[in-house]
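Notes for the one structure printed next.
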Amino acid sequence: MNRRLSLVALLACVPVLSSCAVVDFFGPRPDSALVELAQTARADADDSNYGKLRLKQSEELFAEVNRICGVEENGEVPQTCHIDEEDPAGPSTSAQAAVAQLVELMDKAPQESRPLLARQAVQLASGDAPLPDAPSEDTLTQAMELLEFEYGTVYGLDVAEAHGADVDTQAHAELILELQNLLGEDAPASSPAYSADWPDDSSAEQFAEELVQSSRNHFEAAAATAKDSQWRNWLIHAAAKL
């Protein structure tokens with residue numbers, strides 16, 4: 001038998017069996033990590049403690065699933081990407097469990113979705129997290145950059161305080177100490193002075209708020225790119241403190 005003819009005949013028969021089956025088979029699929037996170041967040045929406053936040057996060061995650069899948073010419077999500085929002089992967093028993101799930105599945109999620117997952121984890125995180133016992137070179141490089149940035153942040157907050165702003169540098173000081181301990185003898189010392197670009201139209205209070213937000217953003221961004229899950233978890237809890 002001619003194998004080429006047999007293959008042609010088989011392909012010709014597929015649309016007869018089911019025209020939509022071919023589309024479904026070859027269409028895009030929703031990212032499994034994002035779906036699991038979205039369904040868990042949706043299940044947590046009934047929690048009396050943080051249900052409103054988790055409902056909002058579930059909506060963001062389902063929207064991210066659709067964004068990653070893309071849309072067809074008619075603007076609709078492909079049939080193969082349709083998912084059941086009411087089929088939870090299992091509710092998290094606490095905000096801490098939700099953070100752990102976000103940290104774990106960030107490795108499996110699309111790279112472009114990780115900033116969203118990091119932000120959601122920061123929104124839920126509280127308390128302390130342990131630093132890595134054996135940090136990698138990538139971790140140490142990030143730690144060095146964050147330490148230098150925190151030095152500059154504290155300097156800027158001191159300047160803002162001198163101009164009348166009500167500031168609290170305790171969380172920053174604690175994070176600096178932890179980063180110094182992680183880096184050990186390689187930790188750089190704080191410089192006598194750093195540049196503090198003060199916008200002309202900002203008050204001392206606004207300037208201080210912008211410094212704190214910028215610091216939080218740096219830790220959150222580092223969490224989105226961190227390769228070590230334990231380090232990522234520490235970064236998320238660090239950002240949540242600020």
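Output needed for region 193-242: three equivalent-ellipsoid semi-axes, defined as square roots of 5 times the C-alpha gyration tensor eigenvalues, in descending order, whole Å. Each step should come with its number before you reach the end.
Details: eigenvalues 152, 22, 13 Å².
So the equivalent ellipsoid measures 28, 10, 8 Å along its semi-axes.
Want the number for residue 108 to residue 162: 0.36 nm per residue separation, take away the alpha-carbon distance, what's left?
Numbers: separation 54, 0.36 × 54 = 19.44 nm, distance 4.63 nm.
Between residue 108 and residue 162, full extension yields 14.8 nm more.
For region 98-105, what does the Karplus curve 6.51 cos²θ - 1.76 cosθ + 1.60, with θ = phi - 60°, yield as ³J(HN,Hα) per residue in whole Hz, taken in order and with x for Gly and Pro?
For region 98-105, the Karplus curve yields 5, 4, 4, 5, 4, 4, 5, 7 Hz.
Which aspartates and glutamates, if any, have their Cα less than 15 Å from the Cα of residue 52, not counting same-chain residues under 8 positions apart?
Counting by Cα, and skipping residues close in sequence, residue 52 has these aspartates and glutamates nearby: 44, 60.
Check each of the trypsin sites (Lys or Arg not before Pro) in region 174-242 and keep only those in coil by DSSP with at most 16 other C-beta atoms within 10 angstrom; list them in order.
Working: sites: 216, 227, 232, 241; in loops: 227.
For trypsin sites (Lys or Arg not before Pro) across region 174-242 that sit outside H, G, I, E and B with at most 16 neighbouring Cβ atoms in 10 Å, the list reads 227.
What's the carbon and sulfur percent of region 93-242's accessible surface, probe 1.4 angstrom, rounded to a whole number?
On the way: 3570 of 7540 Å².
Whole-percent figure for carbon plus sulfur exposure: 47.
What lysines does residue 108 reach when the alpha-carbon gap must be under 20 Å and sequence neighbours fewer than 8 apart in one chain are set aside?
227
The values are calculated or read from the model by the stated rules, or taken from the named source; none is laboratory data. Everything numeric here is computed off the predicted structure, so don't read it as measured data. Please note: Cβ atoms are built from the backbone with ideal geometry, for glycine as well, and neighbour counts cover all protein chains shown. Ligands, DNA and RNA are stripped out before the accessible areas are found, and what is left, the full protein with its side chains, is counted by its heavy atoms. Shrake-Rupley method; radii C 1.70, N 1.55, O 1.52, S 1.80 Å.
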